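A.B. asks: Let me begin by handing over the structure; questions about it come next.
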């Protein structure tokens, strides 16, 4: 597992950070609006955003005296590829199991 993937998984391991990611899927938001929509205080929201920023899940766009947070898609593409590797591995295992069971069934009940 890469360090980037580990940071992504760690950052997403908190319910509030997942909620922030869900909010940012709809579009960029300033810290105050994120805090208000999630009913969190601003320092707590900023702490969560810092973790998401360090994991490269978000980027900041300065706008006057506000900081607008944008969701980055690249880390999620890596996460998708990683999870799909599990799916491919499970399909391969199930196919091997199915072949094995068919062989056993044919050994018990040979076709005439």
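A.B. asks: Sort largest first and round to whole Å: the equivalent ellipsoid semi-axes of segment 1-48, each the square root of five times a Cα gyration tensor eigenvalue.
C.D. replies: Calculated on Cα positions only, the semi-axes equal 22, 12, 8 Å.
A.B. asks: Can you tell me the orientation of helix 42-54 relative to the chain, as the angle in degrees between its alpha-carbon axis and the longest Cα principal axis, to the nearest 10?
C.D. replies: 50 degrees
A.B. asks: To the nearest 10 degrees, how steep is helix 15-25 against the longest Cα principal axis of the chain, on a 0 to 90 scale?
C.D. replies: The helix 15-25 is inclined about 80 degrees to the chain.
A.B. asks: Could you tell me the distance between the Cα centroids of segment 23-40 and segment 54-112, to the nearest Å?
C.D. replies: Using only Cα atoms to place each centre, the spacing works out to 28 Å.
A.B. asks: Nearest 0.05, what FRET efficiency do residue 98 and residue 67 give at R0 = 41 Å with Cβ-Cβ as r?
C.D. replies: 0.15
A.B. asks: Moving on to the next point. Tell me, in nm to one decimal, what length is gained between residue 106 and residue 19 on full extension, where the rule is 0.36 nm per residue of separation less the Cα-Cα distance?
C.D. replies: Result for the pair: 26.1 nm of gain on full extension.
A.B. asks: Provide the packing ranking of 61-70, 98-107, i.e. peptides ordered by the mean count of other C-beta atoms within 10 Å per residue, highest first.
C.D. replies: Sorting 61-70, 98-107 by mean packing, highest first, produces 61-70, 98-107.
A.B. asks: Is the shape of segment 73-112 best called rounded, prolate or oblate, per the rule: a/c under 1.5 gives rounded, else a/b larger than b/c gives prolate, else oblate, with a ≥ b ≥ c the square roots of the Cα gyration tensor eigenvalues?
C.D. replies: Taking the square roots of the gyration eigenvalues as a ≥ b ≥ c, segment 73-112 is prolate.
A.B. asks: Something else: Given the peptides 49-56, 80-87, arrange them by the average over their residues of other C-beta atoms within 10 Å, most packed first.
C.D. replies: The peptides rank, most packed first, as 49-56, 80-87.
Each reported figure results from applying straightforward, stated rules to the coordinates on display, with no laboratory input. Since we're looking at a predicted model, the values are computed, not measured. Heads up, the Cβs are rebuilt from the backbone with ideal geometry, glycines too, and the neighbour counts pull from every protein chain shown.
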